[in-house]
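Asks: First, the structure itself, so that you have it in front of you.
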Amino acid sequence: MSERFAVILAAGQGTRMKSKLYKVLHPVMGRPMVKHVIEQVKAAGIREVVTIVGHGAEQVKENIGDESKYALQEEQLGTGHAVVQAEEILKNKSGTTVVVCGDTPLITKETYAALVEHHEREGSKATVLTTEMPDPTGYGRVIRNADGDVERIVEHKDASESEKRVKEINTGTFCFDNEMLFQALQNVSNENAQGEYYLTDVIEILKNQSRKVSAFLIPDANETLGVNDRVALAQAEKIMKQRVNEQHMRNGVTIIDPDQTYIQPGVVIGQDVVIHPGCVISGDTVIESNAVIGPNSEITNCYVDAYTTIRHSVAADSKIGKRVNIGPYTHIRPASDIHDEAKIGNFVEIKKTTIGENSKVSHLSYIGDADVGSNVNVGCGTITVNYDGKNKFLTTIEDDAFVGCNSNLIAPVTIGKGSYVAAGSTITKDVPDDALAVARGRQSNKEGYATKIKNRL
Ligand code: UD1
Ligand code: CA
């Protein structure tokens, strides 16, 4: 097998996006589009990747990290000129080079692999990935001769009326013989409607040198969508969303309304999970079998164990055990660890807190920086007073404790095992095991006083 390389074009500003954010950093399903491209190219087995950066070079590099090498294109003089920037890294290497635009986030690893395979099997010097677009406006058209062989690619802006009627388009993805690519690029000129050095001209140049040039046509035009503006961005989002959702459904996940369910690629979902409408599930999230998610929940970087229910809630960077019941309207903030069979109810915020097995925080509480044992009942309206304006302090609530409603637990403080906190208490001292702590004003009743006031009015 010959060596394989990839060049990703990501130096453009993306003028048509009308954005301060560089085009290839616009997210599709929550991830910069260029990251999807690199991920799929690498998954197709191409290890040496060179990304051409220019506009927003630093930010683009920061996003991609060490997944790629970089070459700087200081001035954006066209896609051909962009590829030339990779010459220093790739010249004199023999093998196959895949060139991909950073704005085609939907092309799959299977397609990259099939393209390379076709190119190498045919012994071609250049292979262009093409598709037939119902509306090819804006794309480069693939011009074939009477025998059906590819002759050249003409950009929309340079095309004649009859060429514009061609539906087969250049997806912007190619395979080249590496050495011939850089040789041919030396002959590309900028005499065209946009005054740019077009990569697409390499096809005609090689053809004129009687080199073998071919096209690899894929039937699914959705896959090759190039994102040039926000209309296409929304289309890309929709296509990727649908693709991910269909894969989960085929694997045994019920998605009630796939149009209203956003699952980032890479999220792992077990069998018989049910996802109700309005959910956004992203990052490094795993949802185990039979969990019920949503409606309207946002889950990021969480491990959610089997049979757990999360309704109308937000959870991030946390671990949630088996048969846990969360929501409606719960906020699980980072570094929380909710053990099996716990219940976290409505209008409860949990932060950096462990909730032990079978414990309940059912309503209207803030529990932050706390370590809550098992079988604990935290009454409605309980607050861990964890912050003095400068430092955060820990609250410990030991197993089997019962915290009455509307209590303030002023940290650092420990509520002992099996103890009671009377409703309305402000606890400032540790409560021993099995004790009852009462920390509130005593009630006094003034007989007949209400009537006296009413008479006065
Ligand atoms: C390009 C193709 C067109 C194809 C379409 C597919 C050319 C001349 N045209 O057109 O045939 O149908 O993609 O989506 O190749 N870039 C650079 N440096 C530059 C110019 C562009 O890095 O100097 C990068 C951009 O950041 C972008 C990619 O190359 O990621 C494509 O550029 P873009 O301007 O979007 O090309 P299209 O007009 O879409
Ligand atoms: Ca484009």
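The values are calculated or read from the model by the stated rules, or taken from the named source; none is laboratory data. Keep in mind that this is a model prediction, so the values were computed, not measured. When we count neighbours, we look across all protein chains shown, and the Cβ atoms used for this are built from the backbone with ideal geometry, even at glycine. Side chains are part of the model used for accessible areas, which takes the heavy atoms of the whole protein and leaves out ligands, DNA and RNA. Shrake-Rupley method; radii C 1.70, N 1.55, O 1.52, S 1.80 Å.
Asks: For I397, which sequence-distant residues (separation of 5 or more, or a different chain) have an amide H within less than 5 Å of its own amide H, given hydrogens modelled in the peptide plane?
Replies: D371, V372, G373, I415
Asks: Determine the share of the chain's accessible area contributed by carbon and sulfur atoms, expressed in whole percent, with a 1.4 angstrom probe.
Replies: 46
Asks: Just need log10 I(q)/I(0) for the chain at q = 0.10, 0.11, 0.12, 0.13 Å⁻¹, Debye formula, equal scatterers on the alpha-carbon atoms, no solvent, rounded to two decimals.
Replies: The Cα Debye sum returns log10 ratios of -0.80, -0.88, -0.97, -1.06.
Asks: Considering only C-alpha atoms, what is the centroid distance from segment 409-457 to segment 248-296, in Å?
Replies: 45
Asks: Please identify the longest segment of the chain free of exposed GluC sites (Glu not before Pro), where exposed means a DSSP state other than H, G, I, E or B and no more than 16 other Cβ atoms within 10 Å.
Replies: That would be 192-446.
Asks: Counting other C-beta atoms within 10 Å, and keeping those with at most 15, which DSSP coil trypsin sites (Lys or Arg not before Pro) do you find in segment 354-412?
Replies: Answer by residue number: K390.
Asks: Taking the Cα centre of each part, how many Å lie between segment 178-218 and segment 86-135?
Replies: About 14 Å separates the Cα centre of segment 178-218 from the one of segment 86-135.
Asks: With a probe of 1.4 Å, find how much accessible area the chain has per residue, and write the answer as a whole number in Å².
Replies: Averaged over the residues of the chain, the accessible area is 47 Å².
Asks: Got a sec to turn the phi values of segment 171-185 into Karplus ³J(HN,Hα) couplings, 6.51 cos²θ - 1.76 cosθ + 1.60 with θ = phi - 60°, whole Hz, x for Gly and Pro?
Replies: For segment 171-185, the Karplus-derived couplings read 6, x, 10, 9, 10, 10, 5, 3, 5, 5, 4, 6, 5, 5, 4 Hz, x marking Gly and Pro.
Asks: Sticking with this one: Just need the relative contact order of the chain here, percent rounded to a whole number, with Cα pairs under 8 Å and 6+ apart.
Replies: 8
Asks: Using the structure shown, select from K23/K207; K61/K109; K20/K207 the pairs with a Cα to Cα distance greater than 29 angstrom.
Replies: Long pairs (Cα-Cα over 29 Å): K23/K207; K20/K207.
Asks: Looking at this model, which pairs from K91/K157; K319/K392; K241/K343; K69/K212; K238/K322 are more than 26 angstrom apart at the alpha-carbon?
Replies: K91/K157; K241/K343; K69/K212; K238/K322
Asks: Among rounded, prolate and oblate, which fits segment 1-158 when a ≥ b ≥ c are the square roots of the eigenvalues of its C-alpha gyration tensor, a/c under 1.5 means rounded, and a/b larger than b/c means prolate?
Replies: In terms of gyration-tensor shape, oblate.
Asks: Which whole-Hz couplings ³J(HN,Hα) result when phi for each residue of segment 137-148 is put into the Karplus expression 6.51 cos²θ - 1.76 cosθ + 1.60, θ = phi - 60°, listed in order with x for Gly and Pro?
Replies: Result, ordered by residue: 3, x, 8, x, 9, 8, 9, 10, 8, 4, 7, x Hz.
Asks: What number, rounded to the nearest 500 deg cm²/dmol, is the helix-based mean residue ellipticity at 222 nm of the chain, given -39500 (n - 2.57) per DSSP H run of at least four residues and division by all its residues?
Replies: So the calculated ellipticity at 222 nm is -5500 deg cm²/dmol.
Asks: Relative to the first principal axis of the alpha-carbon coordinates of the chain, what is the inclination of helix 109-122, with its axis defined by its Cα atoms, in degrees from 0 to 90 and to the nearest 10?
Replies: That works out to roughly 20 degrees.
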